[in-house]
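What follows is calculated from the coordinates using simple rules that are stated; it is not laboratory data. This structure is a prediction, so every number in the text was calculated from the model and none was measured. No Cβ is skipped: glycine too gets one built from the backbone with ideal geometry, and neighbour counts run over all protein chains shown.
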Amino acid sequence: MYLKPLPTPATHVFWDGLRRREFLVPRCNDCGRYGWIPYPACRKCQSENLEWVAVSGRATIYSYTLVHRGAGAFAADVPYAIVAAALVEDPTACVVLANTTGIAPEDLHIGMEVSIAFEDIPGEDITLWRVTS
Amino acid sequence: MPFPRRQTAIAGVYRTAQGKLPDRSAFSLQLEAIKGAIAEAGMQLSDIDGLMTLSGSNHHQAQAGSPTDTHQFWAEQLGGRPIRYISLGGSSGQIAKASAAIAAGLCEVAVLFYGRAGQRLGPGGSTVPTAAPRVPEWSWTVQGAYMTPFYALWAQRYLHEFKVTAEDLAEVAVVNRYHATLNPESVMGRKGEITVQDVVGSRMIADPLHLLDCSLDNDGGYAVVLTTAERARDGAKKPVYVLGGAEAVHTDLYLSQDGDWFPPQGRSVRRAADDAFALAGVSRDDIDVFGSYDCFTITALRNYEEMGFCELGEAAAFVKEGHTRLGGKLPTSTDGGLLSGSHCGDPSGLPIVEVVRQLRGECGARQVPDAKIGLTHQQGYAVHGLTSAAILAVD
């Protein structure tokens with residue numbers, strides 16, 4: 001049974017995309033900037049002309065940490081990794097926080113090429129994103 | 001329009017006991033702190049006509065939700081008199097804003113206060129639920145993140161970019177602990193000095209941050225009374241004048257931050273520090289004592305860089321050279337800071353209390369000789385995202 005915190009979807013297009021194995025990011029149709037997580041208007045040019053687009057899911061590790069002390073159900077997982085992964089589409093604008101799957105802790109390093117993976121949470125209506133090698 | 005330099009002054013400060021305080025409530029700590037600071041200023045509670053509140057000071061759950069809840073609660077609690085000035089934000093920025101307000105006649109006696117008991121910031125005491133808790137959709141708890149892992153991400157990237165080591169980070173904790181041993185009011189001073197090996201040998205919390213790289217998480221409260229320079233001169237204590245101050249914010253959520261975490265032009269901390277120095281009309285070399293918001297060792301290093309005391313990537317060397325230790329050119333966190341002094345939930349006013357006491361010459365074994373000008377700092381909210389600085393002075 002999954003006992004870790006789960007998000008309460010409000011931005012349904014994003015969470016529906018995860019279920020279809022798509023990682024959707026708002027892109028500004030006026031200036032082209034990608035801006036995850038969503039804001040109602042582009043954070044660069046303030047245009048409301050935004051569109052959700054699926055990105056490739058390819059990313060590089062910008063930073064990472066191995067957490068040895070976790071809250072709640074995360075305590076059973078220590079050490080677990082949290083990474084900041086820069087999407088290749090626009091690495092200056094899109095750094096995504098994620099847990100990892102299928103990456104040995106000792107292999108994690110800055111600059112590592114990873115891709116976004118998807119995990120359906122059993123018994124819940126949520127699919128989460130992870131990064132994997 | 002110039003900042004009203006030396007037109008306002010801190011007339012009283014107070015720091016409650018800090019540590020594990022199981023018999024206290026947040027309210028009782030706040031009330032004790034307000035009463036204590038007002039008494040030190042030689043005033044009555046009825047003199048207060050401005051309230052500078054910090055996060056988590058609300059007491060009426062029924063009303064929680066408005067940004068002014070805490071001001072409203074305390075306005076009633078202090079007698080239902082018209083309070084003429086209310087503000088939010090980090091402590092040093094609130095001192096700056098209230099100074100401008102007092103100089104403009106909006107109020108005359110503003111009190112900054114905070115107190116917390118019985119809450120914990122980290123995973124300590126958390127239990128495993130019987131069902132997955134539902135949280136806001138962009139909550140970092142979904143990834144098992146909390147403050148320490150996020151600062152660890154920041155630290156890991158910093159170590160990578162600037163060829164700094166965990167041992168370099170540890171030097172900060174060593175200095176803080178040394179200062180704490182000279183401060184009888186510090187939480188960790190009685191445990192004695194520590195070495196770099198003690199820090200890197202302590203339990204790993206989130207790589208590369210060890211237990212001793214992290215701030216404390218204890219109970220405690222404090223208050224600061226700001227008034228006109230004229231009125232402060234009537235008090236029992238030497239007035240500590242406000243020369244300038246500023247605040248800045250650029251981040252929202254921790255979950256996603258744009259790349260380039262260390263831009264050469266800086267962000268909010270650089271901006272607030274530059275503004276504070278410009279408004280105060282003093283230079284970095286004029287600072288005799290620095291109250292730094294050093295919630296993790298990495299934060300302390302970044303503070304020196306962004307506040308203009310050394311170049312980007314050079315803070316570890318700056319600390320190793322001894323500049324931040326008592327006796328150095330920039331004695332910092334002389335109370336032990338947030339790592340060894342106290343971190344009572346929102347400790348952003350504690351550096352102000354310590355710098356005020358240093359400038360008054362009240363610090364005993366840890367006194368900076370002839371300290372005349374001090375700098376206070378506060379930061380937080382998605383690392384260096386919401387910040388403020390103030391520059392204080394005595395005649």
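Scanning residues 5 or more positions from residue A:130 or on other chains, those with amide H under 5 Å from its amide H are A:117, A:118, A:119, with H placed 1.01 Å from N in the peptide plane.
Under a Gaussian network description of chain B, with springs only between Cα atoms under 10 Å, the residue in B:272, B:17, B:37 that fluctuates furthest is B:17. Placing a label point 7 Å from the Cα of residue B:253 along the Cα-to-Cβ direction, the residues of the stretch A:1-24 whose backbone N falls under 18 Å of that point are A:5-19, A:22-24. Take each residue in A:55-68, count the other chain C-beta atoms within 10 Å of its C-beta, and the mean is 6. Across the stretch A:38-51, rounded Karplus estimates of 3J(HN,Hα) from the backbone phi angles (6.51 cos²θ - 1.76 cosθ + 1.60, θ = phi - 60°) give x, 10, x, 10, 4, 7, 9, 10, 6, 6, 8, 7, 10, 9 Hz, Gly and Pro being marked x. Of all DSSP bridge pairs formed entirely within the stretch A:12-131, close to 95 percent run antiparallel.
Per-residue Karplus couplings for the stretch B:150-162, computed as 6.51 cos²θ - 1.76 cosθ + 1.60 with θ equal to phi - 60°, are listed in order as 5, 5, 5, 4, 4, 5, 4, 5, 5, 4, 5, 6, 10 Hz, Gly and Pro entered as x.
Residues whose amide H comes within less than 5 Å of that of residue A:8, counting only those at least five positions distant or on another chain, are B:135, B:137 (H built at 1.01 Å from N in the peptide plane).
Within 10 Å of each Cβ of A:28-38, how many other protein chain Cβ atoms are there on average?
The mean count of partner-chain Cβ atoms within 10 Å per residue comes to 1.
Once divided by 2.2 N^0.38 Å, the Cα radius of gyration of the protein assembly as shown becomes 0.98. The helix-based estimate of mean residue ellipticity at 222 nm for chain A, built from -39,500 (n - 2.57) per DSSP H run of four or more residues and divided by its residue count, is -1500 deg cm²/dmol to the nearest 500.
For the options B:259, B:341, B:36, a Gaussian network treatment of chain B with springs between C-alpha atoms closer than 10 Å singles out B:259 as fluctuating the most. Using a 4.7 Å Cβ-Cβ cutoff, the cysteines of the protein assembly as shown lacking any partner cysteine are A:94, B:107, B:214, B:295, B:310, B:344, B:363. Quick one: net charge of residue B:335's neighbours, Cβ under 13 Å, K/R +1, D/E -1? Surrounding charge for residue B:335 is 0. Placing unit charges on the Cβ atoms of the charged side chains and taking the dipole of the stretch A:12-131 about its Cα centre, the candidate lying farthest along the positive direction among A:104, A:47, A:62 is A:47.
Rounded to whole numbers, the Karplus 3J(HN,Hα) couplings from phi for the stretch B:127-139 are 10, 7, x, 8, 8, 4, x, 8, 10, x, 5, 10, 5 Hz, using 6.51 cos²θ - 1.76 cosθ + 1.60 with θ = phi - 60°, and x at Gly and Pro.
Which value, in debye to the nearest 20, gives the size of the charge dipole of the protein assembly as shown about its Cα centre, when Lys and Arg are +1 and Asp and Glu are -1 at the Cβ? Write down the numbers at each step before the final one.
Values: 45 positive and 58 negative charges, 179 e Å.
For this selection, approximately 860 debye.
Using the rule -39500 (n - 2.57) for each DSSP H run of four or more residues, divided by the residues of chain B, the 222 nm mean residue ellipticity is -9000 deg cm²/dmol.
For the cross-link pairs B:163/B:329; B:329/B:372; B:237/B:372; B:20/B:191; B:163/B:320, the ones whose C-alpha atoms lie over 19 Å apart are B:163/B:329.
The slack between residue B:233 and residue B:321, meaning 0.36 nm per residue of separation minus the straight C-alpha distance, is 27.8 nm.
What ranking, highest mean first, results for peptides B:190-203, B:120-133, A:15-28 when packing means the other Cβ atoms within 10 Å averaged over each residue?
The packing order, highest mean first, is A:15-28, B:190-203, B:120-133.
With a cut-off of 12 Å between beta carbons, the residues surrounding residue A:41 carry a summed charge of +1, where Lys and Arg count +1 and Asp and Glu -1. Going by neighbour counts of Cβ atoms within 10 Å, the residues B:238, B:163 line up, fewest first, as B:163, B:238.
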